[in-house]
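Below is one structure; the comments refer to it alone.
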Amino acid sequence: MISVTDIAASKILKSIAKRGRGEGIQVGVRTTGCSGLAYVLEYVDNPNLHCVRHYDSNGIRIFVDPKNIPYLDGMIIDFKRNGLNEGFEFINKNERDRCGCGESFRV
């Protein structure tokens, strides 16, 4: 299960409304960086429900490729503002550590 906080859900819903289309978000991982994996978050306009699993959290439909579930199960997506920077934060109990720059992680 992947969940989205209230503030992250609000930001996602506003972005979908601004785009004028979207069924939800797809969350996954890709190989990169010094620790090995990085999070990927994309808007989904036409979900292929035969190839993905989906969850609903705070009014957001979250799509996940089954091969990414072992990395993401139990993750919480939040939205943080820190000074002039703002963005989504991935709180993942499966992470063992992150690289020094914070861009990649290892499970």
(request) Mind listing just one residue for me: the one in the range 22-33 that is over 15 Å from residue 88 (Cα atoms) and open to solvent by 50 Å² or more (accessible area, probe 1.4 Å) and, of those, modelled with the lowest pLDDT? (result) 33
(message) Can you find, within the range 56-91, the residue that is least open to solvent (accessible area, probe 1.4 Å) among those that are touching a Gly at 6+ places or on another chain (Cβ under 6 Å) and within 17 Å of residue 38 (Cβ to Cβ)?
(response) 68
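Matching residues to (1) basic (Lys, Arg); (2) over 19 Å from residue 12 (Cα atoms); (3) at pLDDT 90 or above:
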position	(1), (2), (3)
62	no, no, yes
66	no, yes, yes
70	no, yes, yes
94	no, yes, no
99	no, yes, no
103	no, yes, no
(message) Can you confirm whether residue 43 is open to solvent by 60 Å² or more (accessible area, probe 1.4 Å) and either over 11 Å from the mean Cα position of the chain (by Cα) or of a type in the set (D, E, K, R) (or both)?
(response) no
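Restricting the search to the range 77-101, which residues are part of a strand (DSSP E or B) and either of a type in the set (Gly, Ala, Ser) or without any contact (Cβ under 8 Å) to a residue 12 or more places away in the chain (or both)? Let's see the steps before the verdict.
Quick first cut of the range 77-101, residues part of a strand (DSSP E or B) only: 77-82, 85-91, 97-98.
Listed by number, the residues that qualify are 80, 81, 82, 85, 86, 87.
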(request) Taking residue 36 as meeting all but one of (1) open to solvent by 30 Å² or more (accessible area, probe 1.4 Å); (2) of a type outside the set (A, V, I, L, M, F, W, C); (3) on the phi > 0 side of the Ramachandran plot; (4) at pLDDT below 90, write down the number of the exception. (result) (1)
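The values are calculated or read from the model by the stated rules, or taken from the named source; none is laboratory data. For clarity, every value in this text was computed on a predicted model and none was experimentally measured. Here the Cβ is made from the backbone with ideal geometry for all residues, glycine too, and neighbour counts use every protein chain on show. Accessible surface is based on the protein model in full, side chains and every heavy atom, while ligands, DNA and RNA are left aside. Shrake-Rupley method; radii C 1.70, N 1.55, O 1.52, S 1.80 Å.
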